[in-house]
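A quick write-up on the structure given underneath.
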Amino acid sequence: MTPKQVLMSVLSESDANDVLEHRRVTIKKPLTERAAKLLVKEFERWGDPAGAVEIMIAKAWQGFNADWASQVTHRPAQRATGPVMM
């Protein structure tokens with residue numbers, strides 16, 4: 001599975017492309033499949049994957065952590081209720 005396919009499990013194609021471009025061009029660290037799976041978990045935990053992408057890109061973060069985002073947005077991250085299926 002490609003990183004884009006992994007991201008598109010929770011994001012639109014446009015948002016997935018934005019994440020890939022952000023990592024490749026801005027951060028200069030292309031996204032691996034494993035890193036994409038970790039991002040998807042955190043995007044889901046945030047509860048608004050597209051919103052998480054916006055925060056990640058706006059803050060020039062290499063990755064995304066719902067706890068970090070809750071600190072900068074003053075919005076609590078959602079707690080996972082069980083394992084995330086991929």
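The values are calculated or read from the model by the stated rules, or taken from the named source; none is laboratory data. All values reported here derive from a predicted model rather than from experimental measurement. Note that each Cβ is placed from the backbone with ideal geometry, even for glycine, and that neighbours are counted across all protein chains shown. All accessible areas refer to the heavy atoms of the entire protein, side chains included, with ligands and DNA or RNA removed. Shrake-Rupley method; radii C 1.70, N 1.55, O 1.52, S 1.80 Å.
Figure legend. Inter-residue proximity from segment 3-14: first residues within 11 Å of Thr32 (Cα to Cα), second residues of a type outside the set (Gly, Ala, Ser) and surrounded by fewer than 16 Cβ atoms within 10 Å (Cβ to Cβ), beta-carbon distance below 7 Å, spacing 6+ or different chains. Indicated pairs: Pro3/Thr32; Pro3/Glu33; Val6/Glu33.
The residue that is most open to solvent (accessible area, probe 1.4 Å), counting only those in segment 1-21 that are closer than 22 Å to Thr73 by Cα and of a type in the set (D, E, K, R), is Asp18.
In segment 28-38, the count of residues that are modelled with pLDDT of 95 or more, among the small types (Gly, Ala, Ser), assigned to a helix (DSSP H, G or I) and open to solvent by less than 90 Å² (accessible area, probe 1.4 Å) is one or more. Out of Arg45, Arg24, one residue alone is open to solvent by 70 Å² or more (accessible area, probe 1.4 Å) and either closer than 20 Å to Met8 by Cβ or outside any helix (DSSP H, G or I) (or both). It is Arg24.
Here Ala52 meets the list (1) under 10 Å from the mean Cα position of the chain (by Cα); (2) surrounded by fewer than 18 Cβ atoms within 10 Å (Cβ to Cβ) almost entirely, failing just condition (2).
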